[in-house]
1. Of all residues in segment 3-46, which are more than 19 Å from L316 (Cβ to Cβ) and of a type in the set (F, W, Y)?
2. Which is crowded, with 17+ Cβ neighbours inside 10 Å, over 19 Å from L215 (Cα atoms) and of a type in the set (F, W, Y), of F131, F101?
3. Residues E48, E74: which one is of a type in the set (D, E, K, R), in contact with a strand residue (DSSP E or B) (Cβ under 7 Å, 6 or more places away or on another chain), over 26 Å from F272 (Cα atoms) and surrounded by 16 or more Cβ atoms within 10 Å (Cβ to Cβ)?
4. Collect the residues in segment 144-162 that are among the hydroxyl-bearing types (S, T, Y), over 21 Å from the mean Cα position of the chain (by Cα) and under 21 Å from L271 (Cα atoms), keeping them in residue-number order.
5. Which of the residues belonging to segment 262-310 are within 13 Å of F72 (Cβ to Cβ) and of a type in the set (S, T, Y)?
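The values are calculated or read from the model by the stated rules, or taken from the named source; none is laboratory data. The structure presented is a predicted model; accordingly, all values stated were derived computationally and were not measured. When we count neighbours, we look across all protein chains shown, and the Cβ atoms used for this are built from the backbone with ideal geometry, even at glycine. Note: areas computed on protein heavy atoms with side chains; ligands, DNA, RNA excluded. Shrake-Rupley method; radii C 1.70, N 1.55, O 1.52, S 1.80 Å.
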Amino acid sequence: MSGLQFLWFILIGVLFSGFFFLEGFDFGVGMAVKLVARNKRERDQVIETIGPIWESNLVWLITAGGAMFASFPEWYASLFSGFYLILLFILVGLIIRGVSFKFRSSSENAKERNTWEWTLFIGSVIVPFLFGMMFVDLVMGLPLDATKNVMNATFTDYVNLFSIVGGVAVTLVSFLHGLNYLRLKTEGNVRERSLAIAKKLYPVLFVGLVVFAILAYLKTDFFTERFTSSLILLVLIVVFAALAAYGTYKDKEGLSFISTGLVFIGIVAFLFNGLFPRVMIGQDSQYSLLIENASSTPYTLKVMTIVTAILLPVVLIYVAWTYKQFAKRVKIDR
């Protein structure tokens, strides 16, 4: 395995981390439209908190997919064909979620507006849940054949106890991340209600993390192949979750928001650490797809690295500037 192959494996993980950190609270805010806000004014307030930024946050997912296609075409091909139906439903969730913003704003009556608010809610639940399922299935192992295609997969290869727990965990963290974001961005009843709901959900999160850790130990080879690093990352995830809970109970909104984002980063790091040096784990280990066999040519990786080194700082500066421009709290219209 070359240094560039390893670098791009790490960069793919960084891009997915950025997606879950930023788009994760967007999903949580989408859920809060129905679970936190109680009337039109509050729902307007909730949606306005992400109105200027949700599309830019979604770009991280597009970039991650594009980078995977360019740097690891074999991984891209096996992943997207093996998880075709799940990715199709993720795409549907992203579409209905995206159009709901526009259609809700142009709705002429309460019934239409309510329909699109539920569409936003459903899309915001579907996407993180299915992403959680997909990544868990990926690290559990799939029936790959000699050509590295997923063959003869059954329903339980995709839908099983561990994948459902993974889907629920990602959805729950997204909701908590969104609640913490609303505490940062709103005033009044929405902020207070977000705080109250978050306090009730952290015990559920800790139970979920324990179940997730047990299933990861039983259902993956993480702790036989990479025991020390897997254990360290699990501890970090719990520490970040504890910091988020502390920030919630002490009403330190910034600490809560950053910490739930770090929980996402810890989960992605845990999964990618377990994958390494593979990108697709076969139920028969001899058919696992390795980083060194899945990547593009050295020249392609070199050109991509140079372009990324030039453009990435510009993108990060622009993202930081955007968030600074929309840093003020959103007040409810009275």
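1. Those that are more than 19 Å from L316 (Cβ to Cβ) and of a type in the set (F, W, Y): F6, F9, F27.
2. F101
3. On inspection, the qualifying residue turns out to be E48.
4. The answer is T156, and nothing else.
5. Correct list: S295, S296, T297, T300.
Results for (1) in contact with a Cys (Cβ under 9 Å, 6 or more places away or on another chain); (2) aromatic (F, W, Y); (3) in contact (Cβ under 8 Å) with a residue 60 or more places away in the chain, shown as yes or no for each residue.
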| site | (1), (2), (3) |
| --- | --- |
| L243 | no, no, no |
| F257 | no, yes, yes |
| P277 | no, no, yes |
| M280 | no, no, yes |
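Yes/no matrix, rows are residues, columns are (1) farther than 14 Å from I12 by Cβ; (2) surrounded by 11 or more Cβ atoms within 10 Å (Cβ to Cβ); (3) at pLDDT below 90; (4) among the hydroxyl-bearing types (S, T, Y):
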{"residue": "F272", "(1), (2), (3), (4)": "no, yes, no, no"}
{"residue": "F276", "(1), (2), (3), (4)": "no, yes, no, no"}
{"residue": "Q286", "(1), (2), (3), (4)": "yes, no, yes, no"}
{"residue": "Y299", "(1), (2), (3), (4)": "yes, no, no, yes"}
{"residue": "L311", "(1), (2), (3), (4)": "yes, no, yes, no"}
{"residue": "V315", "(1), (2), (3), (4)": "yes, yes, yes, no"}
{"residue": "V319", "(1), (2), (3), (4)": "yes, yes, yes, no"}
{"residue": "Q325", "(1), (2), (3), (4)": "yes, no, yes, no"}
{"residue": "K331", "(1), (2), (3), (4)": "yes, yes, yes, no"}
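Here's the yes/no breakdown for (1) at pLDDT 90 or above; (2) β-branched (V, I, T); (3) out of contact with any helix residue (DSSP H, G or I) (no Cβ under 6 Å at 6 or more places or on another chain):
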residue	(1), (2), (3)
V92	yes, yes, yes
V99	yes, yes, yes
E112	no, no, yes
T119	yes, yes, no
I122	yes, yes, yes
P128	yes, no, no
M134	yes, no, no
V139	yes, yes, no
V150	no, yes, no
